[in-house]
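The values are calculated or read from the model by the stated rules, or taken from the named source; none is laboratory data. In this text the structure is predicted, and so the values were computed from the model without any measurement. So basically every Cβ, Gly included, is an ideal-geometry build from the backbone, and we count neighbours across all protein chains shown.
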Amino acid sequence: MKKLAVLIITVTLMSCQQPVKEVVPKTIGYDITEGVKTPIYGGNLSTVEVWEKYIKAHNEKDLETIQNLNAEQKFEVTTAKGGVFKSSEEHINALKNWFESGENPKWTTKFLIANTFTTAEGVVKQWVTSGHKLSVLKERDTLKLFQVHDALIVNGKVQNFSVSESVRTE
């Protein structure tokens, strides 16, 4: 009798379970760099944390932290003016010179978006797109810029990023 009661209770409980819904990620845009329209989905927010540390280190002129967050191999930066740094060392040297120039760059973050897509070869890429107000001292005046960064984060490191910017009058 006990076995029958346990069986009835088990069957009753199993019949009350909700069917598991398949979670389908929502498309937030598309990547077309490989000539094929590939969906982009919301990404892992841990990549945003990496980028926030990176920007904070820039504001604090902390070259050691920046270097530690840069990928050791295949690191690359494309600047707003079209310059390219092909290594972390080149990037750190340029930042060192800029930080020592007296221009005192300061970034104020306005938005951070984590996104992910899978290449045709099946490689998952985690990107952060961010927007920042940047103030720079130029000849005793403050130049106000707005920058958009697209950063590829791999294994908690900045693999590459590009910068676009425009001058702001506000």
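Answer yes or no as to whether SER135 is free of Cβ contacts under 8 Å to residues at least 40 places away in the same chain, touching a helix residue (DSSP H, G or I) at 6+ places or on another chain (Cβ under 9 Å), of a type in the set (S, T, N, Q) and surrounded by 12 or more Cβ atoms within 10 Å (Cβ to Cβ). Steps first, please.
Details: free of Cβ contacts under 8 Å to residues at least 40 places away in the same chain: yes; touching a helix residue (DSSP H, G or I) at 6+ places or on another chain (Cβ under 9 Å): no; of a type in the set (S, T, N, Q): yes; surrounded by 12 or more Cβ atoms within 10 Å (Cβ to Cβ): yes.
Against the criterion (free of Cβ contacts under 8 Å to residues at least 40 places away in the same chain, touching a helix residue (DSSP H, G or I) at 6+ places or on another chain (Cβ under 9 Å), of a type in the set (S, T, N, Q) and surrounded by 12 or more Cβ atoms within 10 Å (Cβ to Cβ)), SER135 does not qualify.
Kindly provide the set of residues from region 38-67 that are among the charged types (D, E, K, R) and assigned to a helix (DSSP H, G or I), ordered by number. Reasoning before the result, please.
Applying the first criterion (among the charged types (D, E, K, R)) to region 38-67 yields 49, 52-53, 56, 60-62, 64.
Correct list: GLU49, GLU52, LYS53, LYS56, GLU64.
Out of everything in region 44-70 that is surrounded by 15 or more Cβ atoms within 10 Å (Cβ to Cβ) and acidic (Asp, Glu), what residue ends up being nearest to LYS125 (Cα to Cα)?
GLU49
Say we look at region 138-170 and pick out the residues that are acidic (Asp, Glu) and in contact (Cβ under 8 Å) with a residue 12 or more places away in the chain; which of these is nearest to THR78 (Cα to Cα)?
At the first step, the residues of region 138-170 found to be acidic (Asp, Glu) are 139, 141, 150, 165, 170.
Among the residues that remain, those that are also in contact (Cβ under 8 Å) with a residue 12 or more places away in the chain are: 150, 165, 170.
Details: ASP150: 10, GLU165: 12, GLU170: 26 Å.
Within region 138-170, the match that is nearest to THR78 (Cα to Cα) is ASP150.
Quick one: would you say HIS91 is under 22 Å from the mean Cα position of the chain (by Cα) and assigned to a strand (DSSP E or B)? Talk me through it step by step, then tell me what you get.
Details: under 22 Å from the mean Cα position of the chain (by Cα): yes; assigned to a strand (DSSP E or B): no.
No: the conditions fail for HIS91.
Which residues, counting only those in region 67-99, are touching a Phe, Trp or Tyr at 6+ places or on another chain (Cβ under 7 Å), aliphatic (A, V, I, L, M) and within 14 Å of GLN159 (Cα to Cα)?
Passing the criteria: LEU69, VAL77.
Can you confirm whether region 112-123 contains a residue that is surrounded by 14 or more Cβ atoms within 10 Å (Cβ to Cβ) and within 16 Å of SER164 (Cβ to Cβ)?
Restricting attention to region 112-123, the residues satisfying the condition of being surrounded by 14 or more Cβ atoms within 10 Å (Cβ to Cβ) are 112-118.
If we keep only those that are within 16 Å of SER164 (Cβ to Cβ) as well, we get 112-113.
Yes, region 112-123 contains at least one residue that is surrounded by 14 or more Cβ atoms within 10 Å (Cβ to Cβ) and within 16 Å of SER164 (Cβ to Cβ).
Quick check: is even one residue across region 3-20 of a type in the set (Lys, Arg) and at pLDDT below 95?
Step one: of region 3-20, the residues of a type in the set (Lys, Arg) are 3.
Within this subset, residues satisfying the condition of being at pLDDT below 95 are 3.
Yes, some residue in region 3-20 is of a type in the set (Lys, Arg) and at pLDDT below 95.
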